[in-house]
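> This is the structure, below, for whatever I ask next.
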Amino acid sequence: MSDSIREIQLTPLPDVIEAPGLGLWPQAGLRLPRFSGPALLRELGQWALPWLLPVGLVALWQIASALGWLSTRVLPAPLEVITAAWALALSGELWTHVKVSAWRALSGLAIGGGLGLALGLLTGSVKWLETLLDSTIQMVRNIPALALIPLVILWFGIDETAKLFLIAVSVFFPIYINTFHGIRNVDPGLIEMGRSYGLSRWQLYREVILPGALSSILVGLRFSLGLMWVILIVAETISAQSGIGYLTMNAREFLQTDVVLVGILLYALLGKLADVFARGLERYWLRWHPGYQSTTA
């Protein structure tokens, strides 16, 4: 009995503890990772490192303002900006403008991104559609969206349609080009292998071609998510009565520099959240991809 106790005590613990399944996955046990001290510190360091430079710049900004190196009329201190944002949040004005701007941005993305995805899939998959449409789309792509503002005002006036049109046109082309590029660059060997396994045309498209093009499509989505906020800034200067752009322009008229900075930082924060969302989609939808497995793990 003492030998068995000694054997149990000397048996090393496994790197991963396996527990019974919870009934949802009957064939897979629950794997609980063991975190060591250095590994935990490394994870915390990787999480904190991207924020080191922004926090350092804000701290330097606050110190320069406190010492009088920066005029409050030119660049208010971070604490003043936070105070202005807190006052706008308490009054409810901030959330109203954020909600309106988010609706405009996401609606324009849905319209322009949906059309770009559909046409990218069609021109990338059907040769005669590429011949018919791609050349025209590439010519229109070289026209800056901001150059269309006078024409858009003549077409749609200054209501919401004009703003949605500008955002939709801007996000259309990145998604279209990346979708077309992704479809055309799927490995022909994988397509031939799918045919040899007897996959139908729809099964081949769904199981081989779309997954192969998905990484490129998500790159286009990630680029469009950042671009839509840039165009929204300009779109909301077209006689808007609400939105972050209206908040910023109205504050400029009254020389409220702290509120102007609140609007600028809101755009930066919303852009960062959009990028985090896009990267989350990449990690989830591309978890089968070798290039994303280490990140997912």
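The values are calculated or read from the model by the stated rules, or taken from the named source; none is laboratory data. Because the structure is a prediction, the values reported are computed rather than measured. Counting neighbours? That spans all protein chains shown, and the Cβs are built from the backbone with ideal geometry, glycine included. Please note that ligands, DNA and RNA were not included when accessible areas were found on the heavy atoms of the full protein model with its side chains. Shrake-Rupley method; radii C 1.70, N 1.55, O 1.52, S 1.80 Å.
> How many residues does region 253-263 hold that are open to solvent by 70 Å² or more (accessible area, probe 1.4 Å) and under 19 Å from residue 163 (Cβ atoms)?
Summing the residues that are open to solvent by 70 Å² or more (accessible area, probe 1.4 Å) and under 19 Å from residue 163 (Cβ atoms) in region 253-263 gives 0.
> Just checking: which of the helices (runs of 4 or more DSSP H) contained wholly in region 56-155 hold 3 or more residues that are open to solvent by 40 Å² or more (accessible area, probe 1.4 Å), out of contact with any Cys (no Cβ under 8 Å at 6 or more places or on another chain) and under 29 Å from residue 247 (Cβ atoms)?
The helices (runs of 4 or more DSSP H) meeting that bar are 78-91, 93-125.
> Looking at region 213-247, which of its residues are more than 30 Å from residue 286 (Cα to Cα), part of a helix (DSSP H, G or I), open to solvent by less than 10 Å² (accessible area, probe 1.4 Å) and not aliphatic (A, V, I, L, M)?
Of everything in region 213-247, just one residue is more than 30 Å from residue 286 (Cα to Cα), part of a helix (DSSP H, G or I), open to solvent by less than 10 Å² (accessible area, probe 1.4 Å) and not aliphatic (A, V, I, L, M), namely 245.
> Which residue pairs have Cβ atoms closer than 7 Å, lie 6 or more positions apart in sequence or on different chains, and pair a first residue in region 201-212 that is within 11 Å of residue 187 (Cβ to Cβ) with a second residue that is modelled with pLDDT of 85 or more and in a helix (DSSP H, G or I)?
The qualifying pairs are 209/183.
> Please state which of the following conditions residue 184 fails to meet, knowing it meets all the rest: (1) surrounded by fewer than 17 Cβ atoms within 10 Å (Cβ to Cβ); (2) without any contact (Cβ under 8 Å) to a residue 60 or more places away in the chain.
Evaluating residue 184 over (1) surrounded by fewer than 17 Cβ atoms within 10 Å (Cβ to Cβ); (2) without any contact (Cβ under 8 Å) to a residue 60 or more places away in the chain leaves (2) as the failure.
> I'd like to know if region 250-266 contains one or more residues that are under 21 Å from residue 168 (Cβ atoms) and in a loop (DSSP other than H, G, I, E, B).
no
> Scan region 214-263 for residues that are more than 30 Å from residue 122 (Cβ to Cβ) and of a type in the set (S, T, N, Q) and jot them down.
Those that are more than 30 Å from residue 122 (Cβ to Cβ) and of a type in the set (S, T, N, Q): 237, 239, 241, 242, 248, 250, 256, 257.
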